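Read through the structure below, which is laid out as structure tokens, and then see the notes.
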Amino acid sequence: MSLRTLKVIFGAVAVCFLLASAYIAVLVAERQRVLGDLTHYNPAWQASQAVAEFMRLERRLDALNVPGRGVDKEEVELRFEILLSRAKLLIEGRFQSIIQDDADQLAALRRLAEVLVLIQPLIAELEHPGAVQQALQLLEPLEPKLLQLASYAQIRGGERIAQDQHELNRLYWIFSGLSVGLILLGLILIGLFSRHNQLLERAHGDLHALTGRLAHAASHDALTGLANRTLFHEQLEAHLTRWRQKGIRFAALCLDLDRFKSVNDTLGHEIGDALLKVAADRLRNCLRDGDTVARLGGDEFAILQEVSGGLEPCTALARHLVEQLSAPYSVDGREIVIGASIGIAPVEAAIVSADQMLKRADLALYEAKSQGRGMFCYFEPGMEARLDARRSLEIDLRKALANDEFELFFQPQVNLKLNQINGFEALLRWRHPTWGKISPAEYIPIAEEIGLISPLGEWVIRTACAEAVKWPREIKVAVNLSPVQFRSGTLVHSVRHALERTGLPPRRLELELTETSLLDETEATMAALHELRRLGVRIAIDDFGTGYSSLSYLRSFPFDRIKLDRSFVRDLASRRDAMTIVQSIASLGAGLGMATVAEGIETKEQLLQVQTAGFTEAQGYYFGRPKPARELVYSLDAARSAPSA
Ligand code: C2E
Ligand code: MG
Ligand code: MG
């Protein structure tokens, strides 16, 4: 039963109760009246008293002058007075209502009144001769009439009493019924009250639970159930206060999932959400009691870790977190690999606020991300200045394309069998008005982040094709692609457009993509690759060996070339295993029918080693550094003897 229904019933019962009470009040008044009638008014008795007095008067008059009877005038007068008062009761009282239906009785009563008036002077002068006789003559004829009146009154009085008793009986039963009803209503009311109380208590309990849930929702993240930014901030303030008062040390860790955005963009938000939940569980499992973990928003998390002594526990936790969060995720039947970067800000006397501490952890996180993913960094004072520098770089980068500050350099790629240049790799150069030449490794990630890579990439493809079309023979041009360009959806169109505008045969254009472009191996990426292949464009996999499970990518698409990352070539002189890797990649390429390019060849010895290993092509400073288009030479000898750029 709802509270509302209960209120309606309660209201109805209360109204019934009031009405019943009012009715009982009326009944009580009625009963009073009837009782009054019964007690104060007995017509039969009044009539018999009057008749008895009448006859007593007659007897006294009769005996007045008889010697020895002992009746004197005073006694007669007294009896007359008594009769007068009795008769007055009959004549003036409610007695008349008893006899009003009977004309004879009314006449008898009237005659009694007349006779009393007539005999009054006679009673006053009883000593006069004949007065007694005269009075008796007046009284005598009235006697039978009065006796009849008394008997009539007796009968009617009895009837009236019976009627009143009946009425009393009726009132008694109504009263009793109502009393029982009132008692029942009272009981119902008590029942309703207790039910009402029960419901109120339950509502109170529900309200309490709801308030609790609301408070939890206000301080926790709905998706992962972790603390939210507000609660984290409060906890951070509390930790700071404890540190100041009791010296309990702690550190704030800011954590960001690497490549989460690309999972979200390519696999959809549902998969992204599911991934975040698993990541949140892994985070929880890495912490000890007393540590706090919160989701600040998106793929950003933060941790408060209590540390006693040195910072080793922080380092250990950060390492553990990176390791745990980088383990493959299985979501909705898919295996997903992401990573995590962490910034750590240990508490220090110089920290004045929670915001400042969080900002420090954030700056350290930023540094960790810019050093490559899957890293953790401690806050250092120079970071703020570096971030400012990056911000101003970002602003300049937005203007650079329009200001014509970019230029393409080209580095030769050599066919080792024919011993001739068979292509050039286009490498982007930015001449910053203040800072001069800036490395692409510095600004390409920024351009990717701020959404500038697509227009910039289009410019690179257009410019590279426009240059390459001027080159002799079938010399190819290789253009680097960012994974973000694959996600933009306009890549195929811009390649086709560049080829059409410049007239470069598609077979002379090669697109280089790194393993990270293939990490998401989505249908869209694969469709774009196949479409590019249909255009006749060649596809190379760049920096091979630096990513994750490289071999699986080789099966996912028939690449034209594999470009071995230069770190393997660099290690050839110092590490024995480097040669083994170089050899196996050369034979892998040969087995798959793909050309193999060794990058970063700087010395003749390195060249001989990769040649011996079976590499079909090579690229590096040994053959020529990247140069502006106007300085290009197309023969190997000329290239090697040309001055460095
Ligand atoms: P990458 O595609 O692997 O390019 C080769 C990089 O190695 C170039 O660096 C090149 O100058 C350098 N290099 C070549 N030979 C040697 C050598 O013998 N020794 C050493 N130490 N380095 C050598 P660069 O030009 O600084 O480019 C760095 C990276 O920036 C490129 O690596 C590429 O991933 C990216 N990049 C360059 N231009 C573009 C572009 O137009 N678009 C995109 N998306 N990325 C680009
Ligand atoms: Mg490249
Ligand atoms: Mg490379």
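The values are calculated or read from the model by the stated rules, or taken from the named source; none is laboratory data. These numbers were taken from a predicted model, which means no experiment stands behind them. With ideal geometry, Cβ positions are generated from the backbone for all residues, glycine too; neighbour counts draw on all protein chains shown. Heavy atoms of the whole protein, side chains included, go into the accessibility calculation; ligands, DNA and RNA do not. Shrake-Rupley method; radii C 1.70, N 1.55, O 1.52, S 1.80 Å.
Residues of the range 412-422 that are within 14 Å of ligand 2 (Cβ to nearest atom) and either of a type in the set (Ser, Thr, Tyr) or in contact with a helix residue (DSSP H, G or I) (Cβ under 8 Å, 6 or more places away or on another chain) (or both): Pro412 alone. Considering each residue of the range 458-500, count those that are more than 16 Å from ligand 3 (Cβ to nearest atom), within 18 Å of Ala528 (Cβ to Cβ) and in a loop (DSSP other than H, G, I, E, B), and give that number. Residues that pass the stated criteria total 2. Among the residues of the range 225-240, are any over 30 Å from Ala316 (Cβ atoms), part of a loop (DSSP other than H, G, I, E, B) and out of contact with any Cys (no Cβ under 9 Å at 6 or more places or on another chain)? Scanning the range 225-240, I find no residue that is over 30 Å from Ala316 (Cβ atoms), part of a loop (DSSP other than H, G, I, E, B) and out of contact with any Cys (no Cβ under 9 Å at 6 or more places or on another chain), so the answer is no. Screening the range 363-393 for residues that are among the basic types (Lys, Arg) and modelled with pLDDT of 85 or more and picking the one that is surrounded by the most Cβ atoms within 10 Å (Cβ to Cβ) gives Lys369. The C-beta contact set for the range 231-244 (first residue in the same structural domain as Lys359 (by TED's automatic domain parsing), second residue part of a helix (DSSP H, G or I) and buried (at least 17 other Cβ atoms within 10 Å of the Cβ), distance under 8 angstrom, 6+ apart or interchain) comprises His233/Ala354; His233/Leu358; Leu236/Ala354; Leu236/Met357; Leu236/Leu358; Glu237/Ala354; Leu240/Ala354; Leu240/Met357.
If you go through the range 472-486 and keep only what is more than 13 Å from ligand 1 (Cβ to nearest atom) and either open to solvent by less than 60 Å² (accessible area, probe 1.4 Å) or among the basic types (Lys, Arg) (or both), you end up with Pro472, Arg473, Ile475, Lys476. Can you name the residue in the range 511-544 that is more than 16 Å from ligand 3 (Cβ to nearest atom) and among the β-branched types (Val, Ile, Thr) and is also surrounded by the fewest Cβ atoms within 10 Å (Cβ to Cβ) among such residues? Going through the qualifying residues, I end up with Thr522.
Would you be able to say whether some residue in the range 489-510 is open to solvent by 40 Å² or more (accessible area, probe 1.4 Å), modelled with pLDDT under 90 and out of contact with any Pro (no Cβ under 9 Å at 6 or more places or on another chain)? Looking for residues that are open to solvent by 40 Å² or more (accessible area, probe 1.4 Å), modelled with pLDDT under 90 and out of contact with any Pro (no Cβ under 9 Å at 6 or more places or on another chain), one finds at least one in the range 489-510, hence yes.
The set of residues in the range 453-471 that are buried (at least 18 other Cβ atoms within 10 Å of the Cβ) and within 11 Å of ligand 1 (Cβ to nearest atom) comprises Ile453, Ser454, Leu456, Gly457, Glu458, Val460, Ile461, Thr463, Ala464. Given the structure, is Glu512 more than 13 Å from ligand 1 (Cβ to nearest atom) and among the acidic types (Asp, Glu)? Answer is no for this residue. Contact map, the range 293-304: residues that are touching a residue at least 24 places away in the same chain (Cβ under 8 Å) and under 13 Å from Ala318 (Cβ atoms) paired with residues that are assigned to a strand (DSSP E or B) and open to solvent by 30 Å² or more (accessible area, probe 1.4 Å), Cβ distance under 7 Å, separation 6+ or inter-chain. Pairs shown: Phe301/Arg295. Exactly one residue out of Val633, Val610 is outside any helix (DSSP H, G or I) and in the same structural domain as Asn415 (by TED's automatic domain parsing), and it is Val633. Those helices (runs of 4 or more DSSP H) of the range 523-600 in which at least 2 residues are of a type outside the set (Lys, Arg) and within 16 Å of ligand 2 (Cβ to nearest atom), considering only elements entirely within it, cover 550-556, 566-570.
Looking across the range 261-307 at every residue that is assigned to a loop (DSSP other than H, G, I, E, B) and of a type in the set (D, E, K, R), the one that is surrounded by the most Cβ atoms within 10 Å (Cβ to Cβ) is identified as Asp299. Of everything in the range 610-635 that is in contact (Cβ under 8 Å) with a residue 40 or more places away in the chain and open to solvent by 30 Å² or more (accessible area, probe 1.4 Å), the residue that is farthest from ligand 2 (Cβ to nearest atom) is Ser635.
Within the range 569-604, the set of residues being surrounded by 19 or more Cβ atoms within 10 Å (Cβ to Cβ) and out of contact with any strand residue (DSSP E or B) (no Cβ under 8 Å at 6 or more places or on another chain) comprises Leu572 only.
Within the range 333-350, the set of residues being open to solvent by 40 Å² or more (accessible area, probe 1.4 Å) and either under 22 Å from Gln371 (Cβ atoms) or in contact with a helix residue (DSSP H, G or I) (Cβ under 6 Å, 6 or more places away or on another chain) (or both) comprises just one member, Val337. Assess whether Leu428 counts as being of a type in the set (A, V, I, L, M), farther than 22 Å from Leu317 by Cα, under 51 Å from the mean Cα position of the chain (by Cα) and within 16 Å of ligand 3 (Cβ to nearest atom). So Leu428 passes the test.
Filter the range 551-581 for residues that are within 23 Å of Gln606 (Cβ to Cβ), more than 15 Å from ligand 1 (Cβ to nearest atom) and in contact (Cβ under 8 Å) with a residue 12 or more places away in the chain and give the result. Correct list: Met579, Ile581. In the range 313-338, the residues that are on the phi > 0 side of the Ramachandran plot form Cβ pairs under 6 Å with partners that are surrounded by 15 or more Cβ atoms within 10 Å (Cβ to Cβ), at six or more places apart or across chains, as follows: Asp332/Ile271.
Among the residues of the range 213-233, those that are open to solvent by 60 Å² or more (accessible area, probe 1.4 Å) and under 13 Å from Gly297 (Cβ atoms) comprise Ala222, Arg229, Thr230.
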